[in-house]
Structures are given as C-alpha cells and as structure tokens.
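Beneath this line is the structure, given in structure tokens, with notes to follow.
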Amino acid sequence: MLHQEIVVENQRLAREADIYRLVLKGTVADTAQPGQFVHIKVGSTLDPLLRRPISVAGINRPNGEITLFYRVAGRGTRLLAGVRPGESLSLLGPVGKGFTLPTAGELLLVAGGIGIFPLFALVEAVDRSQVKVKMLWGGANRDFLEAVGRETLFQMGVDYAVASLDGSMGQPGLVTDLLASELNKKGVLVPETGEGNLLGSDAGCPEDWGRKAGFSVAACGPRGMLRAVTELCIQAGAPVEVSLEERMACGVGACLGCVCTVRTTDGALERKRVCQDGPVFDGREVVWDEKD
Amino acid sequence: MLHQEIVVENQRLAREADIYRLVLKGTVADTAQPGQFVHIKVGSTLDPLLRRPISVAGINRPNGEITLFYRVAGRGTRLLAGVRPGESLSLLGPVGKGFTLPTAGELLLVAGGIGIFPLFALVEAVDRSQVKVKMLWGGANRDFLEAVGRETLFQMGVDYAVASLDGSMGQPGLVTDLLASELNKKGVLVPETGEGNLLGSDAGCPEDWGRKAGFSVAACGPRGMLRAVTELCIQAGAPVEVSLEERMACGVGACLGCVCTVRTTDGALERKRVCQDGPVFDGREVVWDEKD
Amino acid sequence: MKKIDLTTRLGPLELKNPVLTSSGTYGFGEEYRAFFELSRLGAITVKGITPLPRLGNPPPRVAETPAGMLNAVGLQNPGVEAFLTTYLPRLEKLNTPIIVNISGFSLDDYGLLASMMPDHSCIAALEVNISCPNIKEGGLAFGTDPKSAEQVLAVTRKNTKLPLIAKLSPNVTDIVPLAKAVANGGADIISLINTLLGMRIDLDTGRPVLGNIMGGLSGPAVLPVAVRMVYQVYKAVSLPIIGMGGISCWQDAVEFMLAGASAISVGTANFINPLAPLEIISGLEEYCRRKGYNRVGELVGLAHR
Amino acid sequence: MKKIDLTTRLGPLELKNPVLTSSGTYGFGEEYRAFFELSRLGAITVKGITPLPRLGNPPPRVAETPAGMLNAVGLQNPGVEAFLTTYLPRLEKLNTPIIVNISGFSLDDYGLLASMMPDHSCIAALEVNISCPNIKEGGLAFGTDPKSAEQVLAVTRKNTKLPLIAKLSPNVTDIVPLAKAVANGGADIISLINTLLGMRIDLDTGRPVLGNIMGGLSGPAVLPVAVRMVYQVYKAVSLPIIGMGGISCWQDAVEFMLAGASAISVGTANFINPLAPLEIISGLEEYCRRKGYNRVGELVGLAHR
Ligand SMILES: Cc1cc2nc3c(=O)[nH]c(=O)nc-3n(C[C@H](O)[C@H](O)[C@H](O)COP(=O)(O)OP(=O)(O)OC[C@H]3O[C@@H](n4cnc5c(N)ncnc54)[C@H](O)[C@@H]3O)c2cc1C
Ligand SMILES: Cc1cc2nc3c(=O)[nH]c(=O)nc-3n(C[C@H](O)[C@H](O)[C@H](O)COP(=O)(O)OP(=O)(O)OC[C@H]3O[C@@H](n4cnc5c(N)ncnc54)[C@H](O)[C@@H]3O)c2cc1C
Ligand SMILES: Cc1cc2nc3c(=O)[nH]c(=O)nc-3n(C[C@H](O)[C@H](O)[C@H](O)COP(=O)(O)O)c2cc1C
Ligand SMILES: Cc1cc2nc3c(=O)[nH]c(=O)nc-3n(C[C@H](O)[C@H](O)[C@H](O)COP(=O)(O)O)c2cc1C
Ligand code: FES
Ligand code: FES
C-alpha cells in the first residue's frame, strides 16, 4: 500500500492550462484499476501536511508504470510540478473502488474538464472488441481541450464528441447537452415530466430502457455536471457510475474525513467514504444536496 | 538587504563531516564584511519557518560572489544541502557587526571546529603585508580538520597551528592550549592568581601587555571555548573579539529573540542583540553565565 | 545491542510499548492492517462511540492548515450496539489492546456506555472523551468545566471496572484544574490533547471551508501547545499521562516523554505516514540505547529536573 | 485599472490601509526601514512598553516549531521614559501612525502608562496588552479573567483620550466573554490574537529549549485558531477588530477580513519576508478588483452571510 516510486516523467502539457503528466515506475501498476487513485506526499516537510489524491489515468503493467495527469491547483500540486525525473515520490495506493468494467454492450463516458483523466484509464482497460466505447467531453474552450487531452484521445482511437462553452471546438454548450442528444438518438430518454427531482432513488426511473439497451454511463467532472448526468441517466433508465471528489486526509477509510451522503436502498441516509467506498459511486445512491 | 542570489556551487566537502561549501552570486558581496552573516530562507514552504543564519566565509567583490560553509545540523541545513547550482535563494543581509580589521601589529585567530568559517573571511580581508596573522584551530580529529578546512587554510598561505582532541593531527588537546602556549611564548600571559573569575570586566586585567605588544585576538567557536579564550586574553591584557551564536528569528534586530547578556562599562547588565549588535562582541563585555 | 525495556505501565494499564494510535484517526484498526502487523502497537484507540449511531457532520469535513489540519467529523459512528456486535469481534482478531473512546451528551450517556463495555474482551481501557469540539450538544462543555468533568468521570467509574482514561481538551484557560478534577472523579490515566478549535474560510466562496464551520486543529502545528500541557499536568497531578498532539516522529515522542508522558499516541501523522508508529517505536528504543537508559520509562518527566 | 479604496475605519481610528505590523515583531520600526518606505503601512505597532525598563528573559528566547515559532522575550523594553524621550522622536520621523502597545503588572501601571502617552504625536492609538504569556507577574492573568480585563480597560480609558485597542489572549476557554468585557471597559477596538502558550524540549539536553521554559506560539501554525476567534468575536461584539495570528500572505489577510477583521496585522511573517506587509496590501487590492468590490471594507465579515 505504501510505495516509493521513481519519477519517469513530469512534464507540463501546455503553457496555458498548467496541466502536467506524471509517469511513475513502481509496483502500483501491478494492481491499479481504472477509477482508483494514488495518495501522494508532496514535498518533504510538514507543510503542506496532507497527501494529495490523484487519479490513475494510465496503467502500463508490463513496464510497471502508471500515468497521472494533474492540474496545478494550489500549493501541493505546485510542489509536485517541481519534482524531476529520477527523484522518488511516496505513494499510498492504489486506493478506492474503481469503475465497473463492462464486458459487452456500450459504454458512454462523460467527462467534464479535467474529469477526463480517470476515464483515460477506463478507455484503456475496456475490451473494445467487445464493448463499444464513446467519450463525451466538455470544456471551456479549444485551448483547454487541446492542452488537456485531445491528443491523448486521438491516440487512443476512441470515438468521441466534444462540447465547449464558447463554441471554439465541437458543439457549443455543455457536455450534458451532448449526453442528452446521445440518449435521444438512442431513443431511451424519457421526456421530463416537470415533476422535479428524480434523484436519490430508483423510484423516479420509469423504465429500465437504458439497462435493457445494454449500455451504461461512467462520468467524472464537477459535481454539478455529475448531478445532471445522473438525472439524465435516471430518465433514460441507464446505469450510471460517477467519480466523486472530496477533501481527503487519510485516504484509507480511517478518518471519515471524505464522506459523501448516500441513500441506501431502504431509504436511510448514510455517509460513505469517498476514498474507500468510492471514489466511484452509483449515481443514483448519491444525495446531491448535502445539508446536515 | 533582501536579495535573491544565484547558487553557483553547493558542494559537500567530505563524506564524513557533512559540511558543504555554498557559493552565491549577487549583491551581498558588494558590502559584506568579515564576521557578518546572511540570513537564508531554506525551502519554499512554511516549514521550516525561520531563516537560517550562516556566516560569510569568503567575499569575492570582483565576481560578486560570497562563499559560505555550513554543517548539516538539522532540517533546515539538510534542505539547503539539496539546493542545486542555478537555483536561487533568498538572503537577508549582510547582517551584523563584524570583526575589527587591524591595520598593523599581529592578529591571532582562534577557531574551534566549524567556528573557523567566519575567520576565513577575516584572513582574506586583513592586509597581511601590514598585519601578521596566525590561526590557531582545534577540532576533534584529523578527518574532521581535513574535511572542514585544512586545504583552504593551506591555500590561503596563512601561518597556522592545529590541535586535535585525539592527537591525530597537530598538538593533542584543545585550541586554548595552543593559545596559552602562544601567549606564553610572547611572555604576555599573567600567571593565574587562582583568585578566580576575571571575566565580565576589565578590572581583572593587571596590565595592558597584549595591547601594548600590538596584537589582538579574534575567536569563533563553541561558547565554552570562547569563554576560555576570553579568560586567557584578559590575563594577557589583549583585546579579544568573539563571534557569538544564538537562536534567531528576524535577524534584523526587531524581535529581541537573539540576545546575549553584556555588562556595560558602568557595570549594569544589558541584553544585546546578537544579530545586530553582534555577532562579534568584545569578549570582556560578555556575561558568560546567563542566569535570569 | 542492548535490549531496551519498552513495557509501559499506566496505573492499572500495562502495555508492551508506549506507542498508541489516536481515536478518530485510526478507524477501527482494520484500515491500517495493510501496512504492518497491528499487534506491534502498544494499543489502538478506536473512533469515539456514542449510545446511538451518528451520521456526523456534512462535508467538507477536513481542511488543511499550515503543518496541521482541521476536522469536523462530528462523531460519525455506528453507535454502541453495532460497535459491540459488529466491530468488537473484528477488533478481537487484531491481537492488540483496544482502547474504546466514549462520548456522550449527558451523564447518563457516559454511564450507559461504560456499563455496556465488556471487561473480558480485547478492551484494555475506556478513554472518556469530554473534549470533542465538533458537536454542538455537549462534549466540549463537559471538558471545559472542572465540576462537570469530575461528574462524567465519577459516573463512568461507577459503571465499569476497566481502567479509565480521561481525555482533556486544550481549549481551556488552564488545563490543571481540569486534570485535577478528572483525577478526583476517578480517572486512572489522563490523555491530552484533543484538538484545538479552529476554522478556515474559502477565498473563492467567501464561506467557511468546513460544513460545520468550525473544526478541531490537529497535527504538528499543535505540538508545542500539547507538550506544554503535558508538562503542566505532569507537574500538578500524579496520574500517568498519554501525550498526543502533532507527534510525527520519534523525536516528537521523546519530547512528550521528557515533558511527562508515560505513553504517546499518534493521530494525524498516520494519514501522512502510516508507518509512523513503528518508526517511533524503534526511534525511542534507539534513543534510549544512545543515551544509556535501560527502560523507556526512564525518560518520563526528565525535563522537570 | 479600477482604484480600490483601501482606507479603513476602526471606530475612532482611521487608517490609509488595513495592514499593520504587530507589537514585538517590528521593534520600533527603524529595523525595517532598509526594506521599504514604512509610511506605506497602515500603522506600526511598537514593542510592548512597561513603566520601568526590563531586561526580559534569559536566552534562548526563540524556538522553531512546525510552521510556527515560540518566543519568550519577556517584555524587554526601555521603559516608558526612555520610550518617550529616545524612541518617540525617532518614530515621529517614520511618517506613519504609531500604535503603542502597553503592558502593566497592576491597574496602576496601565493608568500611568496611558496618562503618560501624548495625544498630539504620531501615536494614533494605544494597544492594551492584557495577554502577554511570557511574564510571571501578571499580564496573562488580566487577559483570562473578564472582570480584570474590564478594569484594565476602564482605568486606561480614564487616563487617555487616544483610541484604545484591547489585545486579547487566545489562551482562554471562551474568547467571547473577554471581548464583551473589554468592550464594557471602554475599548474602541479589539485586536486578537496574541500568542498561544507552548513549549519545546531539547532532545540533547533533555531540558526545555527556552530560558523561560514556556513561550508564546505565533506564525502560520496558529492561523486557524486566530481566524476562529475573529469569527466568534465578530459575531458577538460590535467593536471593530484587528485580526492577527499567522498571516503571511494576502490570502491569509482576506481570510481574516471575511471572518470579521476590519484590519489585519503582520507579525512573525516579517521575520521570513520583510516585504510581506507590502505584498499583502497589493494582494488585497487585487482581490477586491477581481471580485468587484470598490472598498476593501466590503470584505469585512462576509463569511457570516
Ligand atoms: C479521488 C480524487 C481524485 C483526484 N484526481 C485528480 C487528478 O487526476 N488530477 C487532478 O488534477 N486533480 C485530481 N484531484 C484533485 C486534486 O486532489 C486537488 O486538486 C489537489 O489535492 C489540490 O492540492 P493543492 O495543494 O494543489 O491545492 P490546495 O491549495 O490544497 O487547494 C486548491 C484548491 O483545490 C481544492 N481542493 C483541495 N483538495 C481537494 C480535494 N481533495 N479534492 C478536490 N478539490 C480539492 C480546494 O478547494 C482549493 O480550492 C482528485 C481529487 C480526488 C479526491
Ligand atoms: C550568527 C550565526 C552564524 C552562523 N554561521 C554558521 C556557519 O557559517 N556555518 C554553519 O554551519 N552554521 C552556522 N551557524 C549555525 C547555523 O545557523 C545552525 O546550525 C542552523 O541554523 C541550524 O539549522 P537546522 O535547521 O539545520 O537545524 P535545527 O533543526 O534548527 O537545529 C539543529 C541544531 O542546531 C542548533 N541551532 C538551531 N538554530 C541555531 C542557531 N541560530 N545558532 C546556533 N545553533 C542553532 C539547535 O540547537 C539544534 O541542536 C551560525 C549561527 C549564527 C547565529
Ligand atoms: C479526523 C479526526 C477525528 C478525531 N476523532 C476523535 C474522536 O472521535 N474522539 C477523540 O477523543 N478524539 C478524536 N480526535 C482527536 C485525536 O484523537 C487527537 O487527540 C488529536 O488529533 C491530536 O493528535 P494528533 O495531532 O496526533 O492528531 C480526532 C482527530 C482527528 C484528526
Ligand atoms: C518575538 C515576539 C514578540 C512579541 N511581543 C509582543 C509584545 O510585546 N506585546 C504584544 O502585545 N504582543 C507581542 N507579540 C505578539 C504579536 O504581536 C502577535 O500578536 C502574535 O505574534 C501573533 O501574530 P503572528 O502569528 O503574525 O506573529 C510578540 C510576538 C513575537 C513573535
Ligand atoms: S480520507 Fe480518511 S476516510 Fe477518506
Ligand atoms: S533575531 Fe531578532 S533581534 Fe536578533
């Protein structure tokens, strides 16, 4: 669980976006699964104190390498950006419950911004001779999308569609618009009743169209987007898995610091640990409005 | 006062002793004086928090370079040891009151262990065509002395004698033994009266032999050694300057964190700031037993 | 190599070494099983247990601070019944003394919790938490008023034969009267410190970071406050002390023992370095060897000479 | 570029910007003259002044802690007479409002100090320090008992027309009663926090590091405790607040203002980065610009929405 791994590469992808690709050699690659993350000690001193969770975006078992992508968000990731090839990093992991790997049918991936990173690992892991994979991806604009991963997507040879807020690339608008069209195309989207919230239970799901149609959805991105994706999937009766983020301390399930609220099948509220019970959850069980 | 200087060299001198030579290029060299120090920010985060004081050991005005020597003592100096040429460091300084530069007569330098570092700068700065300079230096053993500076001393071409605790190099014993013989040779040492403490005032000085003989002493090393050196100099009636160390915060005289106790000429006790009123003090004014 | 005696006596509680893990930072032990053989620990203190199950506070529950962290978990726990039926049997298998941290909102709660804890299981002691800052209903209030603190200990004492550890809050003007009060109430051991009350505000939203607004500060940042309190309590009260607050390496552990702690407990540091407790055990041993002590117990309180 | 109004009103005290430097960390100003034009500061608070000169505590007086430091200077200062004759004339030349921090060991001391401070000089306000942890004779005692705190402020009020700032200690169970007490006593402004009581022990000697054994913890480590207390006092008392404790960058300053501080003060951070106060002034300005505020005062207390 605790590994000292060697930095093979730690490189900025593009000036504007402040995104780095980090390749690490060690033993995490042996067991990592798409959707899991590693918990990284940045810096060698007591400040910053806590480890930083970064999703596994690529798993190269033969080479013993994992690939991570990260955005410089604050002090910790800035320190991480200063690490050089040949140095080593302390990793805890791989941690968490990853995505379900479908073995047949169709897998729709929905990514918001840098939420695409863990989905790279999923694309790689799925047997694309058996499963049809399509990626829907939204971001602010062309520059961002180019910087973050268009190239990677292209190299993966996966079918994809993009949306950008300013229309500079792909369809103007949100990635959830792409998803809605996709579901419409499939004819599985139940028209909204206007009766409000379908979330938090299966109750609102009128029919199991999506599941029957043999496709499922996996999504990663900002919370608002994941909520919208879940709503659409409920309307479409499609299984949906979402990867959540929460501030973390231990990363192993011991501190109860990283919880999200879920509604269990019997309707009771429960707090689950994003680090251990997730980060991937069934979208339907997540209580999207957390109040008390 | 606040400088960002470029690391030209940061190199371990010897395996066993964990001593580094650090050469920095910038503007401190323009004004630094022997005995002064620079206050260095180690690391880029909030831990360790405080700057670290390191004496200026070499001043190369034409090249705009200063040389520092430091021993890895703890977390801060360990971080410093990781800095690479080409990186930059934040220095505050040069700070403090350095050694008096004699222009004639003889200057006896007395160094204990790594206390030799600031004295290197003094050797360099003194006009040796006018002033006779001799270095007395003590350390634990040959390995240590070789590692820390025998080579540098040799290159400086200064007259020197060494003492080592285990006798593996030079005279067996303490550097203060060397000083006592030196003073005896000069015939200036008053035989001890056995009446005890001469420290803390000029009162105990029977005659001004040393001063009259035109020589003075400058010393740097552990507190116990400096005290013994001062006692000998008082017996010899010789002016003595000592470089003190104290834990520091601001380094500019603002926090009153780094004081030593001195007795003023009228006999009153006073607390002086090592960073600003020192680090070099007249040995006679220092109150060596600090109690309340 | 000289063998150092690491056994540690805390009043009625004897442990094989003085290194514990702290309540709320070590789950129910199992979470750290992947890292090493947990039986090597002096003891494991489990998450605070309340009479009824608690959902705890809404997220976010943690925030980082300089060399520290805030938490506002709010005593999420399965409740005493689920603890006894589901968790205790699993704890038995860890082969380590277990200290159960108990938290109540009334004197009755404490009495009830104490009376329900079996005294022939892996449970080696109860840690009476009168100092949790993350709940509105009580907790901290018991920990800041000497009279209430004494009553909590007294009622707990009446309901169990297990060794009792009183866990004190640092959020007080003077720790000594509290320490004396819990001693009078019947505590066998004092543990300190719990977390310091703190908060952070998010610059983007302009709102407090934590769902619960305020939270408890732990980690290296609080170490000097904790060492000071251990020193003060050691001087004033004769009960053995379990010191904690910011311990992340053996040097910190030695500092606490010199200040007066007979045992120490590792909390937040587990999150950064799960091997910290083991490293501390060997560091303590090595320090004793270097300094010429035969028993780790010889360190206790030396700074008071 | 939109101009942001940085002027700051603290009751009777108006400052050109909300960034001050803290007592005991900024000497008598002159020590920092080499770094920038000191008149750019909102105000400078000078070292605590007592009626008689004080040698202070024996060294060592400082110790480093994780993201913080301890000090036990013990109020070394030249005494009020030397202050008035030697230091005040030099302070006049700095062209900046000066806040004089006063410390006493009795009510009379505070009355005397207040009565001796001229009200037509560069002195813009008095900061009444009832919270210094580094002296045995009093100081902290005044700062932990609401009744005494009120009396200190009342006697000070009676002896001066200058704006009065009451500086509170964080070493209390509840900061709110203290804040209310100094408000009743006649304080115009509340400043908080002073240092937290802490200590460290040297592993080589086995003895406390500080000459005075215990000392005051300051620096980033204490920031979450300070923000919490500003938040609590803002909620409970209507006086303007000067927030301090661990501020080292503009982000920290914004956090304090959102919590309820009308001005902030930089202490320990000066030791590491003497330019910190200037960087904070421009950072605050830039933040207001980005967030669309016209006056820095609009930030005050926003976290309470
Ligand atoms: C399971 C998981 C997987 C993640 N995978 C990736 C990834 O593959 N690539 C990537 O770039 N980022 C990822 N993140 C987010 C990443 O962990 C944070 O951006 C990082 O911890 C910020 O650290 P910092 O010190 O740079 O920023 P800080 O200075 O700590 O904070 C900067 C900003 O980041 C936010 N933040 C801090 N901690 C977290 C956190 N744990 N989760 C979310 N936001 C946070 C804060 O709200 C703040 O606004 C993941 C987070 C989680 C929980
Ligand atoms: C004016 C002055 C000039 C100095 N010049 C040199 C020099 O040229 N070369 C050199 O190697 N060292 C020099 N020192 C000592 C050097 O500053 C300390 O060794 C260093 O700050 C220790 O930092 P650290 O983080 O590595 O150790 P820490 O982990 O902070 O402490 C390790 C040990 O060093 C001691 N220490 C900590 N701070 C100081 C301090 N300010 N002064 C003395 N001891 C301290 C502590 O007692 C502790 O035992 C000088 C000190 C002063 C005050
Ligand atoms: C996430 C978290 C949860 C905690 N929960 C509890 C608890 O339930 N009961 C308790 O007595 N202390 C609890 N504590 C306090 C710790 O046991 C310990 O006293 C404190 O964190 C100081 O030690 P540290 O700095 O080593 O973490 C908790 C601390 C943290 C960080
Ligand atoms: C070395 C030092 C000396 C101090 N002296 C005083 C003092 O004389 N009077 C006072 O009211 N506060 C004094 N303080 C407290 C500071 O003014 C300030 O309240 C505290 O350090 C918290 O702020 P910081 O974390 O930014 O330093 C002193 C602090 C330090 C570090
Ligand atoms: S981060 Fe500790 S339980 Fe998830
Ligand atoms: S270190 Fe601040 S006065 Fe010397």
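The values are calculated or read from the model by the stated rules, or taken from the named source; none is laboratory data. Owing to the predicted nature of the structure, the values given are computational and were not obtained by experimental measurement. Please note: Cβ atoms are built from the backbone with ideal geometry, for glycine as well, and neighbour counts cover all protein chains shown.
Annotations for the structure displayed:
- Of the residues examined, A:Leu256 is one that is free of Cβ contacts under 8 Å to residues at least 24 places away in the same chain and more than 16 Å from ligand 6 (Cβ to nearest atom).
- The residues of segment C:217-233 that are away from ligand 3 (no atom under 16 Å from the Cβ) and surrounded by 24 or more Cβ atoms within 10 Å (Cβ to Cβ) amount to a single one, C:Tyr231.
- Count of residues meeting criterion [within 14 Å of another protein chain (Cβ to nearest Cβ) and either within 16 Å of ligand 4 (Cβ to nearest atom) or within 19 Å of the chain's Cα centre (by Cα) (or both)] in segment B:44-71: 8
- Residue, surrounded by the fewest Cβ atoms within 10 Å (Cβ to Cβ), within segment D:1-28, restricted to residues that are in contact with a helix residue (DSSP H, G or I) (Cβ under 6 Å, 6 or more places away or on another chain) and more than 19 Å from D:Ile193 (Cα to Cα): D:Lys2
- Failed item, numbered, when C:Gln76 is tested on (1) buried (at least 23 other Cβ atoms within 10 Å of the Cβ); (2) more than 14 Å from chain D (Cβ to nearest Cβ); (3) more than 22 Å from C:Asn17 (Cβ to Cβ): (1)
- Residues (within 9 Å of ligand 2 (Cβ to nearest atom), in a loop (DSSP other than H, G, I, E, B) and crowded, with 21+ Cβ neighbours inside 10 Å) located in segment B:50-98: B:Leu50, B:Arg51, B:Val56, B:Ala57, B:Gly96
- Meets criteria (assigned by TED's automatic domain parsing to the domain that holds B:Ala161, touching a helix residue (DSSP H, G or I) at 6+ places or on another chain (Cβ under 8 Å) and not polar (S, T, N, Q)) for B:Ile59: no
- Out of D:Cys249, D:Cys288, one residue alone is within 20 Å of C:Leu217 (Cβ to Cβ) and surrounded by fewer than 24 Cβ atoms within 10 Å (Cβ to Cβ). It is D:Cys249.
- Per the listing D:Gly56, D:Gly68, the residue uniquely within 16 Å of ligand 3 (Cβ to nearest atom) and farther than 21 Å from D:Ile123 by Cβ is D:Gly68.
- One residue alone among C:Phe256, C:Phe271 is outside any strand (DSSP E or B) and in contact with a Cys (Cβ under 6 Å, 6 or more places away or on another chain), and that residue is C:Phe271.
- Odd one out for B:Ser44 among (1) surrounded by fewer than 19 Cβ atoms within 10 Å (Cβ to Cβ); (2) of a type in the set (Ser, Thr, Tyr); (3) in contact (Cβ under 8 Å) with a residue 12 or more places away in the chain; (4) over 22 Å from B:Lys97 (Cα atoms): (3)
- Those residues of segment C:191-240 which are in contact with a Gly (Cβ under 8 Å, 6 or more places away or on another chain), part of a strand (DSSP E or B), more than 7 Å from chain D (Cβ to nearest Cβ) and among the hydrophobic types (A, V, I, L, M, F, W, C), in sequence order: C:Leu192
- Residues considered: A:Gly43, A:Gly74. Of these, the only one that is out of contact with any Leu (no Cβ under 9 Å at 6 or more places or on another chain), under 21 Å from A:Gly257 (Cβ atoms) and of a type outside the set (A, V, I, L, M) is A:Gly74.
Table: residues versus (1) surrounded by fewer than 20 Cβ atoms within 10 Å (Cβ to Cβ); (2) at pLDDT below 95.
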position: A:Gly224; (1), (2): yes, yes
position: A:Cys233; (1), (2): no, yes
position: A:Gly237; (1), (2): no, yes
position: A:Ser243; (1), (2): no, no
position: A:Cys250; (1), (2): no, no
position: A:Ala254; (1), (2): no, no
position: A:Cys258; (1), (2): no, no
position: A:Thr265; (1), (2): yes, yes
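- Filter result for B:Lys41 (within 14 Å of chain A (Cβ to nearest Cβ) and either within 30 Å of B:Gly173 (Cβ to Cβ) or within 16 Å of ligand 6 (Cβ to nearest atom) (or both)): yes
- Meets criteria (polar (S, T, N, Q), within 9 Å of chain C (Cβ to nearest Cβ) and either closer than 19 Å to C:Met229 by Cβ or not in a strand (DSSP E or B) (or both)) for D:Asn184: no
- Residues that are assigned to a loop (DSSP other than H, G, I, E, B), crowded, with 24+ Cβ neighbours inside 10 Å and either away from ligand 6 (no atom under 14 Å from the Cβ) or away from chain C (no Cβ under 14 Å) (or both) do occur in segment D:31-41.
- A:Ala17 vs. criteria of a type in the set (A, V, I, L, M, F, W, C) and free of Cβ contacts under 8 Å to residues at least 12 places away in the same chain: no
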